[in-house]
Amino acid sequence: MTALRDVVTVRLPASSAYLSVLRTATAGLAVRLDFTIDEIEDLRIAVDEACAMLLPQAVPGTDLTCEFELTGEAMRIAVSVLTADRRLPSRDTFAWTVLSSLAGEVDATVGADDKVTVTLQKRRGAGAP
């Protein structure tokens, strides 16, 4: 018997006008995993930052897709947009440093379908002493 994956996918227009929906979904799902208030806020800001990196290169009129995968101790979030130039976000920027400190594990990839994806993974209690 295979275990069911606890995955939620949100698709919305690739526009900053819809990011509040994504921040709310992020917070609601983090609550399900008993993240602390500070961890939830870190995740909300991290998702916002990942979107800010991707939206400027999104093909106009396309969607931004955000997949949340919940495990017992962590949440993996993959934010994707269709791009014209397949450009990865720069890892040597202040924004990438902030994203890494907020989320823990961060990566960026380009798929064969010209979608650029930023993946975040935050573990519950990872920043606790």
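Computed from the coordinates by the stated procedures, all read-outs in this text should not be read as laboratory data. This structure is a prediction, so every number in the text was calculated from the model and none was measured. All Cβ positions, glycine included, derive from the backbone under ideal geometry; neighbour counts span all protein chains shown.
Points worth noting:
- Residue ID - farthest from Arg11 (Cα to Cα), chosen from residues in the stretch 43-59 that are out of contact with any Ser or Thr (no Cβ under 7 Å at 6 or more places or on another chain), surrounded by fewer than 20 Cβ atoms within 10 Å (Cβ to Cβ) and touching a residue at least 24 places away in the same chain (Cβ under 8 Å): Ile45
- The residues of the stretch 117-129 that are assigned to a strand (DSSP E or B) and out of contact with any helix residue (DSSP H, G or I) (no Cβ under 6 Å at 6 or more places or on another chain), listed by number, are Thr117, Thr119, Gln121, Arg123.
- Checked against the criterion of being surrounded by 13 or more Cβ atoms within 10 Å (Cβ to Cβ) and under 13 Å from the mean Cα position of the chain (by Cα), the candidates Leu88, Leu64, Leu82 yield just one match: Leu64.
- Any hit, the stretch 99-113, residues being part of a loop (DSSP other than H, G, I, E, B), in contact with a Ser or Thr (Cβ under 8 Å, 6 or more places away or on another chain) and small (Gly, Ala, Ser): yes
- Selection count, the stretch 70-98, where residues are of a type outside the set (D, E, K, R), part of a loop (DSSP other than H, G, I, E, B) and under 17 Å from Glu49 (Cα atoms): 4
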